[in-house]
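Heads up, the thing below is written out as structure tokens.
Just so you know, all these numbers are worked out from the coordinates, no wet-lab data involved. In this text, all values refer to a predicted model and were calculated from it rather than measured experimentally. In this analysis, Cβ positions are derived from the backbone assuming ideal geometry, glycine residues included, and neighbour counts consider all displayed protein chains.
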Amino acid sequence: MKKHLVLPFFLLALILSATNAHAQTRKSIFRTMDRTVNIDEKADTTVLFLFDKFTPAVVYYPQEIAYLDINYKIFTDEMIAIHPQKDAMVLSTEVKFDSIIVAEKVFIYDPTHGYLQKLDNSLPLYIKMQGDYAMNEITQGAYGSNPASASMRNYNSIDNRTATTGNFDPLKNVQNTSGNEVEFTVTSQPTLVYIQNNNMTTLKNRKSITDVFGIKSSDVRSFIRSENIDFDNSNDLIKLAQFINEALN
């Protein structure tokens, strides 16, 4: 398999921790005066990756099966694999595969929308990990008061991929043009998405579900309340997808 990128050694530290997948939103906050900010080096790895360590996975190609240790890098929408030689590299999407199974999750790759977690229903509903950051300039407050912040830039990995219509330019570095100290709030969370006619819609609230599927708002509200659905929790999103599927069949 073609080797695309050998990653810094610090990524291998993920191997030492216990395997856990995101269940809900994770957050990392840091400050820096760097002009070029490397998110990989500054943010907590639990926000940058889906799993807490490289995890045994099975990749199903049309003519063969590959057994690798894999982790999913959220902001760049890449599967990072460790091959038997113990090199860490980006799993090539140039060689088409049917699916990847890792930690009982099934992933497919779509050229436009990237990696998607398949769900057990008849509708094109998937879970996609979303990465966000907000960069704010730290400005000096009045004497005796806390520093204030001025919003400078926001980033959403799902919106960025959608806006580029498949020509995805993954986040590598962020430029701090202020010349001052900035504070980053980096988050990642699972998001329920619906794909129709190659267009992806994020389902983040009751209204979006009613608008997209025409399900009665009262029915959606009753289900969300009875099941205590949290739109940032992957297990709850699976329940919600099952509800939508049953409501339309």
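With viscosity 1.567 mPa s and temperature 4 °C, the Kirkwood radius over alpha carbon pairs of the stretch 69-121 converts through Stokes-Einstein to a diffusion coefficient of 109 µm²/s.
Under 16 Å Cα-Cα from residue 53, which aspartates and glutamates qualify once same-chain neighbours fewer than 8 residues away are excluded? Leaving aside aspartates and glutamates fewer than 8 places away in the same chain, those within reach of residue 53 are 40, 44, 69, 78, 87, 104. The packing ranking of peptides 69-81, 206-218, highest mean first, is 69-81, 206-218, where packing means the average number of other beta carbon atoms within 10 angstrom of each residue. Checked against a 31 Å cut-off, the cross-linked pairs 27/96; 118/216; 42/239; 73/216; 27/105; 96/128 give Cα-Cα distances beyond that limit for 27/96; 42/239; 73/216.
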